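These notes concern the structure reproduced below.
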Amino acid sequence: MSPLTATAKTTATVRTLTFNIHHGAGVDGKLDLERVAKAIESSGADVVGLQEVDKYFDARSNWVDQPSWLAARLKMNYVFAANLDWDPAEPGKPRRQYGTLVLSKYPIVDSRNTLLPLHAGSEQRGLLETLIDVDGTPLRFADTHLTTINDGERLEQVNAVIGLLKDAPEATLLVGDLNAVPTSTEVKTLTAQWTDTWREKGFGLGLTNPVPLPTKRIDYQLHNPQLVATAVSVPLQFASDHYPVAATYSLS
């Protein structure tokens, strides 16, 4: 990824959100992308990492291009990463895609998606990295959704993520649905590299899944020392089978 050459003159504050949107289907089973948009909007987030996003994928999401719809609705810049990229259901139709999405009120100056290790019978996952210009300060914002299938595959994915991000010179934030609890080897491997914002600033258990009565904390925001966390919360909403995680950081 290209470096951002702008030089920061002041400390910037950035509000972030991670949210597995379950292709827009809420806890009531109803598809309602406007409800997802309102949940994002109400958080006040400047930069958002979403997981389980459809692009012309299936009847389950009415064949909608969810990335462009959400970006237009929220008036944000965006990058979508298709970790599943299938042939169309009918000739001449758009390709069927599913993956992760970054939305930003700030300019996204660079991005890349890297496919993560995959075991037979599992679903392809990836790491979407974006470089965001936060009023002249570079922020590397990375979004991922790790496997649900087995711990060994997930640990391989974790190690791949670390390899991709650990030497980044910028303030770096890794967000996403890790499908692992804080005591797991996978999460401990990540938190040996980066700070778990919930453990640093959160109050209570921070459980995120399943909605409405979550029993697990599997959604995270992890940051390097160039970001200073000032707040974190789990907003209660019913637009998905996950609760989002919202945080605020200062960076300079």
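Coordinate-derived values only; no laboratory data. All of these numbers come straight from a predicted model, not from anything done at the bench. FYI the Cβ positions are ideal-geometry reconstructions off the backbone, even for glycines, and counts take in every protein chain you see.
Specify the inter-centroid distance of the range 147-180 and the range 201-233, based on alpha-carbon positions, in whole Å.
Rounded to whole Å, the Cα centres lie 16 Å apart.
Have a look at 205, 108, 63 and report the one farthest towards the positive end of the charge dipole of the chain, computed about the Cα centre with Cβ charges (Lys/Arg +1, Asp/Glu -1).
Toward the positive end, the furthest listed residue is 205.
Please give the contour-minus-distance gain from residue 166 to residue 75: 0.36 nm per residue of separation, less the Cα-Cα distance, rounded to one decimal in nm.
Between residue 166 and residue 75, full extension yields an extra 29.6 nm.
How far apart, in nm, are the 7 Å Cα→Cβ label points at residue 189 and residue 151?
Each label point lies 7 Å from its Cα, and together they span 1.2 nm.
Which of 166/201; 166/188; 38/188; 105/201 have a Cα-Cα distance over 26 Å?
Exceeds cut-off: 38/188.
Given an 8 Å cut-off on Cα distances and at least 6 residues of separation, report the relative contact order of the chain as a percent.
22
Pop out the ³J(HN,Hα) list for the range 108-118 in order, Karplus 6.51 cos²θ - 1.76 cosθ + 1.60 with θ = phi - 60°, rounded to Hz; leave Gly and Pro as x.
After applying 6.51 cos²θ - 1.76 cosθ + 1.60, I find 9, 8, 6, 7, 7, 10, 10, 6, 9, x, 10 Hz.
Which value, in debye to the nearest 20, gives the size of the charge dipole of the chain about its Cα centre, when Lys and Arg are +1 and Asp and Glu are -1 at the Cβ?
Roughly 440 debye, rounded to the nearest 20.
Spin-label point model (7 Å from Cα, Cβ direction): what's the residue 95 to residue 252 distance in nm?
Going from the residue 95 label point to the residue 252 one covers 4.4 nm.
For the range 107-199, what proportion of DSSP beta bridges, expressed in % and rounded to the nearest 5, is antiparallel?
The answer is about 70 percent antiparallel.
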